[in-house]
1. Can LEU242 be described as of a type in the set (A, V, I, L, M, F, W, C), more than 21 Å from GLU336 (Cβ to Cβ) and at pLDDT 95 or above?
2. Taking the criterion of being in contact with a Leu (Cβ under 7 Å, 6 or more places away or on another chain) and closer than 18 Å to CYS148 by Cβ, would at least one residue in the stretch 43-62 satisfy it?
3. Hey, could you check the stretch 229-248 for residues that are hydrophobic (A, V, I, L, M, F, W, C) and in contact with a Lys or Arg (Cβ under 9 Å, 6 or more places away or on another chain) and say which is farthest from ASP168 (Cα to Cα)?
4. Tell me which residues, restricted to the stretch 278-335, are of a type in the set (Asp, Glu), in a loop (DSSP other than H, G, I, E, B) and closer than 15 Å to PHE268 by Cβ.
5. Every residue in the stretch 246-255 that is at pLDDT 80 or above, of a type outside the set (Val, Ile, Thr) and assigned to a loop (DSSP other than H, G, I, E, B), please.
6. Can you say whether HIS195 is assigned by TED's automatic domain parsing to the domain that holds GLU105, surrounded by 22 or more Cβ atoms within 10 Å (Cβ to Cβ) and more than 16 Å from ARG241 (Cα to Cα), as far as the supplied structure shows?
7. Restricted to the stretch 38-61, and to residues that are surrounded by fewer than 17 Cβ atoms within 10 Å (Cβ to Cβ) and on the phi > 0 side of the Ramachandran plot, which residue is farthest from the chain's Cα centre (by Cα)?
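The values are calculated or read from the model by the stated rules, or taken from the named source; none is laboratory data. Just so you know, these numbers come straight off a predicted model, no measurement behind them. Neighbour counts run over all protein chains shown; Cβ positions are idealised from the backbone, glycine included.
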Amino acid sequence: MADQPHSSIPVKENCYMVGRRNPDALLQCNTYLFQLGGNGPGSLAWCVDPGSQLDFSVVRQNLVHHLGAIERLQFFTLNHQDPDVVGNLAPLSEENTSLSGLVSEDAWRLARHLGARPRQLHFAHRFQGEDIRLPGGHTIRTVPTPFCHFRGALAFYEPESRILFTGDLFGGLNDPGRLQLWGEEEDWPGIAIFHQIYMPNREAVAFAIRQIRALSPPVEIIAPQHGFALRGDFMHSVMDRLEKLPVGMDRLPRELDDAFLAQYQQVFQNLIDAASARLGRQTVVERLRKARSDTPEAADWVRITRDGAELLTHGLHVLPWAMDVLSRGEDTSFHERLKMIVLHSCHRHNIPLPMIAPGTEGQQPDEWIG
């Protein structure tokens, strides 16, 4: 089969996003290639967060396009150990037995279980906040971002280009089909939702942002592992808002129904309206009626009327249940659409998010993974 054209996206001179832009996913995985020193003598090819095995063919193809061969890739960094960050490291290190890496010891303790065997490994936490001298006279700096979203998470800063690679911090969900690299104001809700789901609390995020603001020279580009890269006024606006945004444990108050029932009722109605536009109001009513009879406790959750349904209680738990009931048997894109409607509606009303996983590619809610 003939090679497909490369699909990398320039970030800045000699730096490219070489991951896959997937139109069916709500969560894009960004892998970066930085050719420090360009292609000349003393250059150094650096892969930032090698990415998900789901994207391996695209990542490899783009690396080969820029480098000529995987063997010319010299070192990698990992922000943390999740499989969407480190999944491609095993095949890359098998193909390139000279590959070296820079990672925190906390992250490597877990990442090593995915089977990657680099030739040489350096524990970056020993250099937190310090410049690290690399072969060829190049310099990068580690920036501690603990608990964003892993205790051993580290961002990496290239001071000459002023690009900061931040892993999950500053990541974001994207609306289906929105695949550009650079974030814009309309992408803020997806960034906020991502942090509300994946970051532990506001204090951890604010601490990380303080470390970033203290960098000299100042950061010009933030390149996260998910979603959109940030620059200019929007980058600074995102930092300002994330410092104050309640996330994770900040958004788990007790007595959620007493505090937020009216808002959950509005989100529930938005979900019903969106599903009705696709399926028809009568189909929506029948699916909910049947599911309500199959789930005895649901009789206390939802009232069925001739023309629709009304949320009575347990909004945080009913929304995922209703979303799955209404999307069962439909294509994955419809399920993802309903998911984003619920998440965006909760964000607009500033209420705790239900347990809805973003970006589960190609998996219907009632399928087993075998």
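1. Working: of a type in the set (A, V, I, L, M, F, W, C): yes; more than 21 Å from GLU336 (Cβ to Cβ): yes; at pLDDT 95 or above: yes.
Criteria met by LEU242.
2. yes
3. Just the residues of the stretch 229-248 that are hydrophobic (A, V, I, L, M, F, W, C), to begin with: 229-230, 234-235, 238-239, 242, 245, 247.
Remaining after also requiring in contact with a Lys or Arg (Cβ under 9 Å, 6 or more places away or on another chain): 239, 242, 245, 247.
Working: MET239: 14, LEU242: 13, LEU245: 16, VAL247: 14 Å.
Restricting to residues being hydrophobic (A, V, I, L, M, F, W, C) and in contact with a Lys or Arg (Cβ under 9 Å, 6 or more places away or on another chain), the top hit is LEU245.
4. So the first thing to find is which residues in the stretch 278-335 are of a type in the set (Asp, Glu), and the list is 286, 294, 297, 300, 307, 310, 324, 330-331.
Those left that are additionally in a loop (DSSP other than H, G, I, E, B): 297, 307, 330-331.
ASP307 - this is the single residue of the stretch 278-335 that is of a type in the set (Asp, Glu), in a loop (DSSP other than H, G, I, E, B) and closer than 15 Å to PHE268 by Cβ.
5. Selection gives PRO246 alone.
6. Numbers: assigned by TED's automatic domain parsing to the domain that holds GLU105: yes; surrounded by 22 or more Cβ atoms within 10 Å (Cβ to Cβ): yes; more than 16 Å from ARG241 (Cα to Cα): no.
So HIS195 does not fit the description; no.
7. Restricting to residues being surrounded by fewer than 17 Cβ atoms within 10 Å (Cβ to Cβ) and on the phi > 0 side of the Ramachandran plot, the top hit is GLY42.
Residue-by-condition table, conditions (1) in the same structural domain as GLU105 (by TED's automatic domain parsing); (2) out of contact with any Pro (no Cβ under 9 Å at 6 or more places or on another chain); (3) crowded, with 24+ Cβ neighbours inside 10 Å; (4) farther than 16 Å from LEU44 by Cβ:
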site	(1), (2), (3), (4)
ARG119	yes, yes, no, no
PHE123	yes, yes, no, yes
GLY136	yes, no, no, no
PRO144	yes, yes, no, yes
